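Colleague: My questions will all concern the structure given below.
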Amino acid sequence: MAQDQSVTRDPLPSRRQIESNQLAGLRRLIEELQPANRFYGPRLRAAGLDGDLASLEVFRQRLPLTTKAELARDQEEEPPYGTNLTYPLERYVRLHQTSGTSGRPLRWLDTEDSWQWMLGAWVRVFEAAGLEPADRVFFPFSFGPFLGFWAAFDAAWRHGCLALPGGGMSSKARLNVLLENGATAVCATPTYAIRLAEVAAEEGIDLGGSAVRTVLVAGEPGGAVAAVRERISRLWGGARVMDHHGMTEVGPVSFPNSRFPGLLHVLESSYLAEVIDPANGRPAPRGEIGELVLSTLGRLGSPLLRYRTGDLVRVSQRDPGELGVAEMALEGGILARADDMVVVRGVNLYPSAVETVVREHQDVAEYRVRLRTGNAMTEVRVEIEPAAGCGDPPGLARRLEESFRTAFQLRIPVEPVAPGALPRFELKAKRWVEDLVE
């Protein structure tokens, strides 16, 4: 097996230890990519960073930010993989690509060493979620080119778990596999965890009687929303719901805090993390919302340096001793995507904030937000599918309208729709749709 290039970690290292390891990782990375990486080599030389890196601060001050648009343009100009490759193509063994939800998908290659580094990061996510080698982990996904499922699956067996694939199956068939094999943990998006429970109820399956004790969610901000976590836990018979997030072009980024379920910790043994003001690129004041910027320390074959993730976060001001973890803590996990914010009558509206309000109403089985744009102002309305047994859909709609008014000081019309009228999602939910007015 190739060497795991994750930096050695201590259970509760000091900030000095963390930053010393990060500086060592950056120095190794810069030295490795200088000779042949045509994307970053010229940037590093132009920034005067082609020699021995003096400090993390020098790195942050001198090297420009990297954007997704730049990476997409690079791959368009030199298809299919662009110039961000440190080694000859023959050394790469894995191909994955982004979901393409916010533009053209990016293709990403990994060497064996980079892949093992990524699996090491994923193993730490499993450890933080309380998964042990004796666990049986079910992956109810149709495996495609998206990174997360493959890396998580490989990391599960590397951790010693029995990894159970669930690709190419109906939800009912997946539930049968889960039950027949005694799965103790499930990895899913929050939306699909709810959907599987919905199908289980339709089939008369009591998930409380299953062996599942952990549901590890990612792909959407719902795992950091208390109402969503509580709903998933209740539907899965009291299972723990643990959050995580990552990106195809970056890798697994964060791990949960077992004491504080609303927190995510950045894997600072694997990444140099910054939080900037999206408007000007300067460091965001501690405790204020900013955009997460990441530099990969061990993905040497296809690195990213000072990459603007587009994820909006707030760094926690809690003491590391209270948290039990010294690595950067994000209050509420990923709060939103920078490009997902919608301004409605002067109010900044984020999908995660809407999700929080909706999920406080247990009789809402599914919902969809419709945006009407093209006029002077953006208008928004919400469609809801009442849960089975809801005796008063119009009353539910009125109560949700009042909740929106209280939360956002906005009048947002809510319309009940027939059971089964709204789509269900296996991967990332696409609940926000735009109705363009000419």
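Throughout, read-outs are computed from the coordinates displayed, never taken from laboratory work. Not measured: the values here are computed from a predicted model. Please note: Cβ atoms are built from the backbone with ideal geometry, for glycine as well, and neighbour counts cover all protein chains shown.
Colleague: Among 386, 343, 361, whose Cα projects farthest towards the positive end of the dipole of segment 341-436, with charges put on the beta-carbon of Lys, Arg (+1) and Asp, Glu (-1)?
Modeller: 343
Colleague: Please give the per residue volume of the convex hull enclosing the alpha carbon atoms of segment 341-436, rounded to a whole number of Å³.
Modeller: 100 Å³
Colleague: With both bridge residues required to lie in the chain, what share of the DSSP beta bridges run antiparallel, to the nearest 5%?
Modeller: If I count the DSSP bridges inside the chain, around 65 percent turn out antiparallel.
Colleague: Let me check I've understood the local charge: for residue 230, count other residues with C-beta under 14 angstrom from its C-beta, Lys and Arg +1, Asp and Glu -1. What total comes out?
Modeller: Taking every Cβ under 14 Å from that of residue 230, the sum is +2.
Colleague: Could you tell me which residue out of 141, 95, 396 lies farthest along the dipole of the chain toward its positive end? Charges go on the beta carbon: Lys and Arg +1, Asp and Glu -1, centred on the Cα centre.
Modeller: Positive-most Cα among the choices belongs to 396.
Colleague: Additional query: Tally Lys and Arg at +1 and Asp and Glu at -1 over the other residues with C-beta under 9 Å from the C-beta of residue 192: what net charge comes out?
Modeller: Numbers: positive: 195, 424; negative: 426.
Neighbour charge sum, excluding residue 192 itself: +1.
Colleague: Another question, if that's okay. Treat each spin label as a single point 7 Å out from the Cα along the C-beta direction, and report the residue 402 to residue 378 distance in nm.
Modeller: Placing both labels 7 Å along Cα→Cβ, they lie 2.8 nm apart.
Colleague: On full extension of the chain, what length is gained from residue 45 through residue 410, given 0.36 nm per residue of separation minus the C-alpha to C-alpha distance?
Modeller: Stretched out fully, the residue 45 to residue 410 stretch lengthens by 126.3 nm.
Colleague: Which whole-percent values make up P(r) of the chain when all C-alpha to C-alpha distances are grouped in 20 Å steps starting at zero?
Modeller: Using 20 Å bins, I get a P(r) of 24, 56, 19, 0 for the chain.
Colleague: Mark the label point 7 Å from the Cα of residue 24 along Cα→Cβ and return the residues of segment 119-134 whose backbone N is within less than 14 Å of it.
Modeller: Under cut-off, by backbone N: nothing.
Colleague: Check every DSSP H run in the chain and write down those whose alpha carbon atoms cover 18 angstrom or more along the long axis and whose mean Kyte-Doolittle hydropathy is -1.0 or greater.
Modeller: Those that clear 18 Å and a mean of -1.0 are 15-33, 112-128, 190-202, 393-408.
Colleague: Would you mind pulling out the separation of the Cα centroids of segment 321-364 and segment 119-155, in Å?
Modeller: 24 Å
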